[in-house]
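Right, one structure below, let's go through it.
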Amino acid sequence: MNKLLAGVAAISFCAAATPLSAETAEEDATAFGARQSVIHASLSPSGDKLAYVASVGAGGEALYTVDLAAGTPPQRALAALDVMSDLAYCNWITEQRLVCQTIVSREDESIGRYISATRMIAVNSDGSEPNVIEGARSLRALSHTYYGGGIVSLNAESDDSSILVSRLYGKESSLNTRLANQKDGLGVVSHDVDTGREKRVEAPDKDTFGYIADSNGVVRIKGTGNATARGYSKDTLAYFYREQGSQRWQPLSRAEIDSQTVDGFEPHAVDAAGNVVYGFDYGDRGFTNLYSIALDGSLAKSLVLSAEGADVDDLVTIGRRQRVIGASFATEKRLVKYFDPGLRDLAVALGNALPGQPMVNFVGASEDERKLLIVTGSDVDPGMLYRFNRDTNELSPLLPVREMTEGRRLAEMKPVTFPAADGTVIPGYLTLPAGSDGKNIPAIVMPHGGPSARDEWGFDWLVQFFAARGYAVLQPNFRGSTGYGKAWFGKNGVKAWRTAIGDVNDAGRWLVSQGIANSEKLAIVGWSYGGYAALQSQVVDPELYKAVVAVAPVTDWRQLIEEERMSSDFRLVQKFVGDGPHLEQGSPMRNAQSFAAPVFLVHGTADNNVDVEQSRDMEAALRRAGKSVEYLEFEGLEHSLRDSAARKDMLMRIDAFLSTNLGS
């Protein structure tokens, strides 16, 4: 990373990029397959120092720190260069000390799956004195601990160098000793990042899965979920709270996990000054709203924000104390409703002043919130990181979020709607190649993953790659997607697969009916559940799409259930998928004989979300049925194929596959 522009006192912008000459498939795959340049960024308490986690090489990450006031070059402080290790984030705690979380994946041969272990590391800004934050390990431990803790609060009761950390405790053998730990579960400790000294704040509780501290660094909320005798998670969650100054837990709310959604008040943040907890719950119309509940013993519940026709689904916070400043929801584009008038006005002013009027997001702040870390972006702008000084009104560009796409002309994403076969209007996003008239061109339908998710307006590296290669791309938010309320989600995209896949296929038919797509050059591409939808579209209508690409797809729902049997989430997965004829009828691997279009499969062997055997077995089933299939497998890569070289290879192979089978 060598494009840091620190200390810029005035805004300067480059002229709009001139349309480039046609790029080769390799050049497009290199640019769009590259991972984000900046993965996470943080401002120090003074706001004068920046820390950012950057991509290094094909699959590594490194922490860099910069003294913005001095204008010194970036200094590497920490690195995770193994593709099986992930440096997820780093946050300043003091002006010299940071805390980072790492995730390491390794294969557990006893269960035949990859297991991810997390660890937290405290380190100086120059990389010196690294210290793993974890409890003492004992040879008497009766179980392995893969969870290395998480940050509950960046400030522990106003102690500048201490943080609150959740910690998982395990029982120890008591043979020949009375000192063995006999408690297990999740607790909280206060950890001083300068000295390493700790004190227990919350005793371990085997039923607790998480804690929430208020803006003063005091634990006020805990969430519990009992497990069955066999260790499987139950589908009922219970939340408890404490009044200010009290150590007594009182009931706050209960919630049911139903088909990957939570029905009931789910707390997210506690405001100490207002003595309220903010959280989400369904309203009378079946949409998720933001509410606050008083933590003074009355449990008075107030509606804070609702949105017409959309779920309010994200709480916006800022700074070390995670002060609540707003909430957001997505309609055609994501909108933020700010509760802080000053930040609302600033977001509007910056959005209007910057080229292309991008979306503005506050992602960090100094302790006094006078210096802000901002990320801007849009459908044709992968993003830029800035620092804004509220005292001088100086906006300083810092880093591009995706350095490899700079200077390229990107394609615009437009919100559209199309009719399903039953007349239901389906929302989605259409991206046409830059400069195209959008008539009679090769096209791709790209259903999203999840299925408990939705596509949103903004930069998408897959969409931009296909648009650069000359394809129109339609992303349907089919029924079974989230964000549109309970009724739209329905029974979910597995139990109600016919509805979801019907909407996906109707997206392709609409492209043809509008004259956008050439019916002989229509393909479908999907990842995860989207990969499943791409495959299952052939079972419903084998003649519609002329080529099918499925990355990390589920191909057999009964097999997925069995793969999760060793997981604590087995019962939740079983409930989500359900039982009945839809498991056979809705599994493409069991219906390979229906396929007419050639298929391209991609999977990583270290996939924790969808086991690689799903693609291996799909390939075998298609070959037995005499169908055309290609399979690309990446050794040691997880569900998102978090490796720039692998993504480049995949994109080039997909481009060649589509060109061959669509004649494009």
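Mind checking whether some residue in the range 506-528 is in contact with an Asp or Glu (Cβ under 7 Å, 6 or more places away or on another chain) and either under 14 Å from F478 (Cβ atoms) or not in a helix (DSSP H, G or I) (or both)? Taking every residue of the range 506-528 in turn, none turns out to be in contact with an Asp or Glu (Cβ under 7 Å, 6 or more places away or on another chain) and either under 14 Å from F478 (Cβ atoms) or not in a helix (DSSP H, G or I) (or both).
Is there any pair linking a residue in the range 320-338 that is over 23 Å from D214 (Cα atoms) and aliphatic (A, V, I, L, M) to one that is assigned to a strand (DSSP E or B) and open to solvent by less than 10 Å² (accessible area, probe 1.4 Å), with Cβ under 8 Å and at least six apart or on different chains, and which? So the pair list comes out as A330/A310; L335/A307; L335/S328. Annotation note: Cβ proximity below 9 Å between a residue of the range 397-421 that is among the polar types (S, T, N, Q) and a residue that is open to solvent by 20 Å² or more (accessible area, probe 1.4 Å) (sequence gap 6+ or interchain) occurs for T405/P382; T405/F459; T405/W461; T417/V425; T417/P427.
Considering only the range 350-365, how many residues are surrounded by 15 or more Cβ atoms within 10 Å (Cβ to Cβ) and more than 25 Å from the chain's Cα centre (by Cα)? Going through the range 350-365 one residue at a time, the tally reaches 2.
Hey, does the range 561-572 have a residue that's small (G, A, S), open to solvent by less than 20 Å² (accessible area, probe 1.4 Å) and out of contact with any His (no Cβ under 6 Å at 6 or more places or on another chain)? No - not one qualifying residue is present in the range 561-572. Within the range 467-498, the set of residues being more than 20 Å from P427 (Cβ to Cβ) and in a helix (DSSP H, G or I) comprises A468 only. In the range 244-273, which residues are within 20 Å of S328 (Cβ to Cβ) and small (G, A, S)? Across the range 244-273, the qualifying residue is only A269.
Looking only at residues in the range 423-440 that are free of Cβ contacts under 8 Å to residues at least 40 places away in the same chain and either among the charged types (D, E, K, R) or closer than 27 Å to A29 by Cα (or both), which one is surrounded by the fewest Cβ atoms within 10 Å (Cβ to Cβ)? The qualifying residue surrounded by the fewest Cβ atoms within 10 Å (Cβ to Cβ) is D437.
Output the number of residues of the range 242-291 satisfying the condition of being in contact (Cβ under 8 Å) with a residue 60 or more places away in the chain, touching a strand residue (DSSP E or B) at 6+ places or on another chain (Cβ under 8 Å) and open to solvent by 40 Å² or more (accessible area, probe 1.4 Å). Result for the range 242-291: 1.
Total residues in the range 340-349 satisfying the condition of being surrounded by 16 or more Cβ atoms within 10 Å (Cβ to Cβ) and either without any contact (Cβ under 8 Å) to a residue 40 or more places away in the chain or among the β-branched types (V, I, T) (or both): the figure is 3. Picking from residues in the range 594-639 that are acidic (D, E) and more than 26 Å from the chain's Cα centre (by Cα), the one that is surrounded by the most Cβ atoms within 10 Å (Cβ to Cβ) is E619. Just one of (1) among the hydrophobic types (A, V, I, L, M, F, W, C); (2) more than 21 Å from M413 (Cβ to Cβ); (3) in contact (Cβ under 8 Å) with a residue 60 or more places away in the chain fails for V525. It is (2). Evaluation of I501 against the conditions (1) in a strand (DSSP E or B); (2) crowded, with 24+ Cβ neighbours inside 10 Å shows that the sole unmet condition is (1). Counting only strands (runs of 3 or more DSSP E) that sit wholly inside the range 341-454, those with at least 2 residues that are aliphatic (A, V, I, L, M) and closer than 30 Å to T94 by Cβ are 359-365, 371-378, 381-389, 394-400.
Across the range 181-223, the number of residues qualifying as surrounded by 20 or more Cβ atoms within 10 Å (Cβ to Cβ), closer than 16 Å to Q247 by Cα and among the aliphatic types (A, V, I, L, M) comes to 7. Among the residues making up the range 534-565, those that are in a loop (DSSP other than H, G, I, E, B) and either closer than 19 Å to I115 by Cα or β-branched (V, I, T) (or both) are A552, V554, T555, E564, R565.
For every residue, the table says whether it meets (1) on the phi < 0 side of the Ramachandran plot; (2) open to solvent by less than 10 Å² (accessible area, probe 1.4 Å); (3) assigned to a strand (DSSP E or B).
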position	(1), (2), (3)
Q36	yes, no, no
V53	yes, yes, yes
V66	yes, yes, yes
G71	no, no, no
E95	yes, no, no
V99	yes, yes, yes
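If you go through the range 321-338 and keep only what is buried (at least 19 other Cβ atoms within 10 Å of the Cβ), in contact with a Gly (Cβ under 9 Å, 6 or more places away or on another chain) and in a loop (DSSP other than H, G, I, E, B), you end up with just R321. Of the residues making up the range 384-395, those that are within 27 Å of G57 (Cα to Cα) and open to solvent by 10 Å² or more (accessible area, probe 1.4 Å) are M384, Y386, R387.
The values are calculated or read from the model by the stated rules, or taken from the named source; none is laboratory data. Values in this document were obtained by computation on a predicted structure and should not be read as measured data. With ideal geometry, Cβ positions are generated from the backbone for all residues, glycine too; neighbour counts draw on all protein chains shown. Side chains are part of the model used for accessible areas, which takes the heavy atoms of the whole protein and leaves out ligands, DNA and RNA. Shrake-Rupley method; radii C 1.70, N 1.55, O 1.52, S 1.80 Å.
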